[in-house]
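The values are calculated or read from the model by the stated rules, or taken from the named source; none is laboratory data. Small disclaimer: the values here were computed from a predicted structure and weren't measured. Positions of Cβ are generated from backbone atoms using ideal geometry, with glycine treated the same way; all protein chains shown enter the neighbour counts. Keep in mind that these areas ignore ligands, DNA and RNA; they rest on the heavy atoms of the full protein, side chains included. Shrake-Rupley method; radii C 1.70, N 1.55, O 1.52, S 1.80 Å.
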Amino acid sequence: MIAVGTAAIAARGRFLIALSGGSTPRSLYTRLASPDCADRLDWSRVQVLFGDERAVPPTHADSNFAMADQTLFTPLRLAPAQIHRMRGEDEPEAAAAQYENTLRRFTAGGGGAWPILDLVLLGMGEDGHTASLFPNGPELHERTRWVTPSYSPQGTRTRLTLTLGVINRASVVLFLVAGANKATVVRHLLEPQTDDAVRYPAALVQPVAGQLVWYLDQAAAAKLTRSQQTCHPERTK
Ligand code: 6PG
């Protein structure tokens, strides 16, 4: 992630990253903000976006912004102008439209060109959802909107999410997945035996021109029959 950010800053003077929600990234954000890591990236050049948000205020325990603020933004003392949260407290359609306008500020081509984010960080649920794109959700078929409301079958029901059109145009999409409860879906996605992976929204993350990277802990990778990537135990902490 730091390498991607450093390259983006060198190439374009800034790093556009969309953070994931959920609990898995908590340890990553904490590590990024730690004294032995914080100086490895010029955070003053980073613009932070979100891949999704729950329909709750930014101070709510379920807020993806709240978790990132506590573990990353506050420790790094990021300027508010660098942080672009989805307004989960607002009416969902209005919040989605507002966030699409926010993204337009970062769209080089203006007009209808899709935003090209440098890195989209994603998690994955045990049902194969990612961001707030859920199995059989109509948002999976969205072809023009950049941000849309969606509805989770559990937890905080109403969500806001980047659509696949935005996610799949990122330069790098990085899945960070941990836990034995994800191992079956990880196997279906990375070593499909049949076409059973197609029902998972995570299977629809297919970068148009960018790189797709999976970071798995050993529990989530346990059902893979062969190494899909060189294992770096020190990186899975
Ligand atoms: C969210 C996330 C969601 C998350 C997965 C995995 O807002 O919940 O964006 O896609 O990444 O549900 O969540 P855990 O990391 O808690 O397993």
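In the chain, helices alone account for a calculated mean residue ellipticity at 222 nm of -5500 deg cm²/dmol, with every DSSP H run of four or more residues adding -39,500 (n - 2.57).
Considering only Cα atoms, the convex hull volume of the chain works out to 122 Å³ per residue. Net charge near MET86: determine it from the other residues with C-beta under 11 Å of the C-beta of MET86, scoring Lys and Arg +1 and Asp and Glu -1. Residues near MET86 contribute -1 overall.
Model label sites at ALA94 and ARG77, defined 7 Å from Cα along the beta-carbon direction, differ in position by 3.6 nm. Once you reduce region 81-155 and region 31-57 to the center of their Cα atoms, the two points are 18 Å from each other.
For the chain, a Gaussian network of Cα nodes joined below 10 Å ranks PRO138, PRO149, PRO57 by mean-square fluctuation, and the top entry is PRO138.
Grab the other residues whose beta carbon is less than 14 angstrom from that of LEU140, score K and R as +1, D and E as -1, and report the net. If you can, show how the numbers build up before the last one.
On the way: positive: ARG143, ARG145, ARG159, ARG199; negative: ASP52, ASP127, GLU139, GLU142.
Net local charge, LEU140 excluded: 0.
Can you tell me the FRET efficiency between THR156 and CYS37 if r is taken as the Cβ-Cβ distance and R0 is 22 Å, rounded to the nearest 0.05?
Numbers: r = 30 Å, r/R0 = 1.38.
Step by step, r from the Cβ atoms, then E = 0.15.
Modelled spin labels at GLU191 and THR107, positioned 7 Å past Cα toward Cβ, are 4.1 nm from each other. Ordered from largest to smallest accessible area (heavy atoms of protein chains, 1.4 Å probe), the residues HIS129, HIS60 come out as HIS60, HIS129. Each other residue within a Cβ distance under 13 Å of MET124 adds +1 if Lys or Arg and -1 if Asp or Glu, for a net charge of -2. Accessible surface comparison of MET124, MET1, probe 1.4 Å, protein chains only, largest first: the order is MET1, MET124.
Could you check what % of the DSSP bridge pairs in the chain are antiparallel, to the nearest 5?
35
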